[in-house]
Each structure stands twice: as C-alpha cells, then as structure tokens.
2 protein chains.
Amino acid sequence: MSQEKLTPLEELGEFGLIEKINQLFPIKNDKIVLGIGDDSAAFQSNEELTLTSTDMYVEGVHFDLVYTPLQHLGYKVVAATVSDIYAMNGTPQYLTLGIAMSSKFTVEAIDALLTGMRAACTYYNVELIGGDTTTSRMGLCLSLTAIGKVAKDKMVTRAGAKNGDVLVVTGDLGGAYMGLQILEREKRVYLETPDMQPELQGHEYILKRQLRPEARKDVIDQLAELNIVPNAMIDVSDGLGSEAMHIAKASGLGCKLFEDKFPIDEATSELALSFRMDPSICVLSGGEDYELLMAVSIDDYEKLKNLPDFTAVGHTTGALDTFTYITHGGNEIKLDEVSGFKHF
Amino acid sequence: MSQEKLTPLEELGEFGLIEKINQLFPIKNDKIVLGIGDDSAAFQSNEELTLTSTDMYVEGVHFDLVYTPLQHLGYKVVAATVSDIYAMNGTPQYLTLGIAMSSKFTVEAIDALLTGMRAACTYYNVELIGGDTTTSRMGLCLSLTAIGKVAKDKMVTRAGAKNGDVLVVTGDLGGAYMGLQILEREKRVYLETPDMQPELQGHEYILKRQLRPEARKDVIDQLAELNIVPNAMIDVSDGLGSEAMHIAKASGLGCKLFEDKFPIDEATSELALSFRMDPSICVLSGGEDYELLMAVSIDDYEKLKNLPDFTAVGHTTGALDTFTYITHGGNEIKLDEVSGFKHF
C-alpha cells in the first residue's frame, strides 16, 4: 500500500466533485447547447436515428477494487458502454454518468477513475454531458448511458440475420475471461500471503483484455469503408455462445458454430490449459471481450475473409431454436448447455 | 409481514426479468424504432433540442425499504427524474433504466417496483426504451436517464435570471421532508416495539409528498398557456435555499428570499412544530418536494400572481454572491448557513 497522503471525498464535497468532472470533461462539440451543471443537458439533433444504451457496473459484481486500477476501470466502463452503440453500426456521441460511492472514497481515487474515463471519451470521441453523483453505503456503482447516432438505412440490430449468413467475429475471444482468472488467483494468493508479489508478468495481453478492453470502433470504420452493412450484429459481452443465440433467436433462425474456427490467442489458450480449463468454453461463455459478432451475406464475407480482424466462426441455419457447435471431434453440442453469464 | 408465497428473483432470471419489463412497458410511440432488447434503443429525432438528465437512487441513502412501498418508490424515481426535464421547460419523452439488486429480491417486489414505474411513465407520457439489469451484493440501486425535447427558444436553464426578477415557487414546500421525519420516527418505534401499529393516520398529505411526489408537468403546461418563458428555472430537489442560490450563482446575481412568503401547508407546519423544528428551515433545506423555482420578469409575474399554484418568495439582486433571506423578525440571514443537502 502506498504511503502518500490521500484526501477523503468528504473534503471535496458534491459540488467540488461536479466541478472536477466539469474541468476534466470540457465540452467541445458545438451541438451540445448545455453540458454538465443544469437540470438537464441539451443537444441539437438531426434527421438520423438517435441510439441510447445504458450499462451498470457494480463493485463486487463487475469489478473487484482489490486488483482493478481505477484508471483502467474508468476506461473500461466507457469502452464497454460505447461498444453497444458500435454494435448497432452507430457512432457514439454523448455520455451521461451516474456515480454512487462511499464518502470514504479518496479524491485521488476519483481522479484516477475520471482520468481513465476521459482517456476513453477522447479515444471514442464522445462527450460527457451530464449525470448524477451520490453517496453509497454499499461500494462503488457506476451507471453510464451512451447516446449516439446512425443513418436510418445503416442501423444493424440483432434481428436481421438471413438463413445461411456467415457468423463473423472480430479479434480473438476468451482473453478477458482468462485475465480475470489470473487476477482472482493472485488475489487469493495475496489474501493468504500478503507479502508475496503478484505473478502477473508475461500475462500483459490477457490482463489488458480484462482490465482495459477496447470497443471495436475501428471495425465499424472498416465496415463502412468496405461498404458492408451486416444483416445482424451484437457485441460479445457475455460470451460467443449466448451472443450467437441472441442473433439467431432475434432473427427467427438457428445457428451452428465450429470449434475449429474459434479465434483464440496463444496466451489465452496456454493459460486456460494451465488452469485445466477448455479454451473453447472460455470463448463460448467467458464474456467481456467486447468484440463484435455479425451475420453477413456470403458476398459480404468474401470482402472480409482475408482481413486479419475478422474470423468466420459458423453460420445461421433455418432450424429454428437449434443452436449448436461442432467440436474438434465432430460432435454437435447444444450451445445453451455451455453458454451465458447468469446475472441472478 | 405477509405470509403469501414469494418468488426469489433467481427463479425468474435475467432474461425473464427483461421479458417482464418488456411486457409491462410496451412501446407505443412510433418515433421509437427500437426499444428494449437490442444493444441500443433507437429513436427518430427532429430539429428541437434533445434534453437528457440522469438520476441515481441508492438504498439506504435515498430510500429505506423498511417503510417505502416499492410501488411508490418506482413512481417516485420516475417522477423525480422527469422533473429535471420539466425544470428546463421541456417535455420528457424517453427513459432508460438501470437496476442493480440482490438476487434475493423477490419477483413480487420487482413487480411492485415496475408497476409503480409504469404508472408514472403513463402519467408523464414517457416510454421506457432500454436499460440494464444486474445483480448487486449491496442492496438496490436504480439509475434513470430521462431524454426529452424543447424548442430552442423555449429552453430555460438556471443561468438566465435578470437582476430584479421575481423568484416564484410552485405548490408548497417542506412537506416531503416532514413526511420523512414521520417515517423515520415510526421506524424507530417499530424497531423498538415491533407489535406497535405505526401512527401514520392524519399524515396522508405529507406522506404522499415524501413517498409518491409528482413532477410539475401541469405547471409547464400552464406556463405555455400563459405564454411565459421564465428567465431561469430549477426543480426543488435539495431545498429552496440551495436552489435559489443555484439560480443566482449561475446567473451572476444575488438573491433575497422572504420567510413571510414561504408556502407551507398547515400539516407541514404543525408537524414541524411538534418535532420542535422550524418549518422555514424545512422549506430552505428539506428537499424532495420536486416543485419548480423560477425567476420571472415583473411583467410575467403579473400574469401568475393570482394563480393558486404560484407564490413569489423573493427576488434576484445585483449583489453578486450575496444570498440571504429575511426572517419574520426582519433579520437578514445568509442562505448558505442553513441550506443544502450534503451528499458526501
């Protein structure tokens, strides 16, 4: 633990905190007529569709402050929230932020959290326009609402997949989940033997996947350049299995995935095996990778298939309510037996 | 305590909960292209300004489930959130909802909460378009973002008051705070003597002010009919004193209030005295009344002054950073010595 002097939030006060947020997030977009500080924010709209998406992040459920640097947490919650706007093929523009936290939280801690949020807002080009700050007797709870836009004919929902579409996923999967396993292991070691240094070296990639993931803004830009509008799309927040089922169900179809095709980084794979876990199950059920899963026509897939960021992992089928994956050994397994994150 | 069989939330599951929310809040507005269930909601915008406002409500801070019926709580959080949109002279249209709650919460409890929210959404004509549901190890935490609209030349911020404007407040003040005192007293009695029946009779008005307040949609309608656009406006969520200071500070002015003019319901006044509290201090610092405080020109005040819903309580002054009230006895007291709700 550091010995530097820390300042309890009580000393700053609510208005001091709002002032700090105002300074860290100056308004630049001239469509924003009114930012933080009044009853509402106000912005000029236009003829495109407006998109909104809300995410909550609760201490002890979504993050553990024992091993989560607050600056990374700030970055991650913004990235995870705007990821939902990208998953509509949209562009995030504005963000509102609710923070509930104990008054024993330090000002230095809130600075780190906000600094991470600001870095993400800068990278994704979104502006914080309002929110609410309050105390909590129950740890840190963050609520973010992203507002964005999309042209009417470019919006991509979960529901538009056609029978025989290729299911394409970006990046690699399972890394964020294995990052979590490492952090949980080191936490257990730390609690038992506080003097022990955590063994995190060599795991930089998967730790970054867990602690400071990126939303695939770059993928949305690539799709636009290639003039591709996927038939359906979703971000991979709960694992490939449940996301593929979401697209198939919403589109009135079935789906079939192929374990052979799962994009798994070597570090993820090796670590999973060292934990005696099946890397493919980490892909199907792991979650928090914030990659994009899309259903595209065969023609569009031809334009994507040689690009390094895209991997075909399966296809939709006409077999309504049948969601399966084919194992390395050729067996067909039901996805709902292995997939999904249970919140309650 | 009721003996009926209750269902743990675990049995419903996250998707069951989302389905329930979907059923309770069917989409009616044809501007909403996409409601709950995809990554984002999507709605058609227009040339007016879009307003957004976010509020968080945390168990143990903003409400106590010992004495708060969940149906009322659901109604109240929606009313309190849209109140910020009315305070801009706007019309709320859409709502997003984040719920974090323990999996031990019952399905009957969530039904009551959502039913109250739905009643408020119906009354204020807003539609729930999305959100997030998650578990919490730390009690119930609700985050609501209201989105609304206002014509560019009709938006009212805190910052437009002119020197010599009349400060006009709607309804009566202090009631919600006294309602809270009654409920806290009965809770203490209940904890000491569980068999005792709570003494709530005769306090219906102030209990309603605390448990099921209304946002002043009707006042916004009246202002429009009278063709009045206030120079500045704010909703009274933290007490008259701090709200008057917010308007004065944001407008680069001072303000002076008059205790003689404070609108206090007889029930509030009597109860405050029985608690040995000063009713005027309840008005200045009590909060949660969700009335509107506005700064209007003398000419506009002439149109309002005979209407029962509006009371002049003071005026703005040219004395920058001087915020006072004149007591019954004629003394001038600084508002920042008596006002405001300290969150941290």
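Relative to one another, the C-alpha centroids of segment A:226-257 and segment B:149-195 are positioned 47 Å apart.
Springs between Cα atoms under 10 Å define the GNM used for chain B, and in it the highest mean-square fluctuation of B:Val169, B:Val219, B:Val236 occurs at B:Val219.
Full extension of the segment from A:Phe15 to A:Asn163, taken as 0.36 nm per residue of separation minus the current Cα-Cα distance, would add 47.8 nm.
Averaged over peptide B:12-21, the number of partner chain Cβ atoms lying within 10 Å of each residue's Cβ comes to 2. Applying the criteria of a DSSP loop state and at most 13 other Cβ atoms within 10 Å to the GluC sites (Glu not before Pro) of segment A:35-133 yields A:Glu47.
Which trypsin sites (Lys or Arg not before Pro) from segment B:39-131 combine a DSSP loop assignment with at most 16 other Cβ atoms within 10 Å?
Of the trypsin sites (Lys or Arg not before Pro), the ones in loops of segment B:39-131 whose Cβ has at most 16 other Cβ atoms within 10 Å are B:Lys104.
With label points defined 7 Å past Cα in the direction of Cβ, position A:Lys20 shows copy-to-copy spacings of 3.8 nm, given to one decimal and shortest first. Here r is the Cβ-Cβ distance between B:Ser274 and A:Asp218 and R0 is 60 Å; the resulting FRET efficiency, rounded to 0.05, is 0.35. Neighbour counting of Cβ atoms within 10 Å sorts the residues B:Glu10, B:Glu302, A:Glu192, fewest neighbours leading, into A:Glu192, B:Glu302, B:Glu10.
Counting, for every residue in A:137-150, the Cβ atoms of other protein chains within 10 Å of its Cβ and taking the mean gives 6.
Residue by residue along A:125-134, Cβ atoms of other protein chains within 10 Å of the local Cβ number 4 on average. Please state the shape class of chain B: rounded when a/c is under 1.5, otherwise prolate if a/b exceeds b/c and oblate if not, all from the C-alpha gyration tensor. It is oblate, given that a/c is not under 1.5 and a/b is not larger than b/c. The modelled label-to-label distance for the pair A:Asp64/A:Lys31, using points 7 Å beyond Cα in the direction of Cβ, is 4.1 nm.
Comparing mean-square fluctuations of A:Asp39, A:Asp195, A:Asp111 from a GNM of chain A with C-alpha springs under 10 Å, the top value falls on A:Asp195. The dipole here belongs to the protein assembly as shown: it is taken about the Cα centre, uses +1 on the Cβ of Lys and Arg and -1 on the Cβ of Asp and Glu, and is about 340 debye.
Result for chain B in a Gaussian network model with C-alpha springs under 10 Å: among B:Leu273, B:Leu12, B:Leu51, the largest mean-square fluctuation is at B:Leu273. Starting from the label point of A:Ala319 at 7 Å along Cα→Cβ, the same points in the other copies fall at 8.2 nm, in ascending order. For chain A, relative contact order (Cα pairs under 8 Å, six or more residues apart, normalised by length) works out to 21 percent.
Between this copy and the others, label points of B:Lys249 are 4.8 nm apart in ascending order, each placed 7 angstrom from Cα in the Cβ direction.
Taking the DSSP bridge list for chain B and keeping only pairs wholly inside it, about 75 percent are antiparallel.
Throughout, read-outs are computed from the coordinates displayed, never taken from laboratory work. Keep in mind the model is a prediction, meaning the values are calculated, not measured. Neighbour counts run over all protein chains shown; Cβ positions are idealised from the backbone, glycine included.
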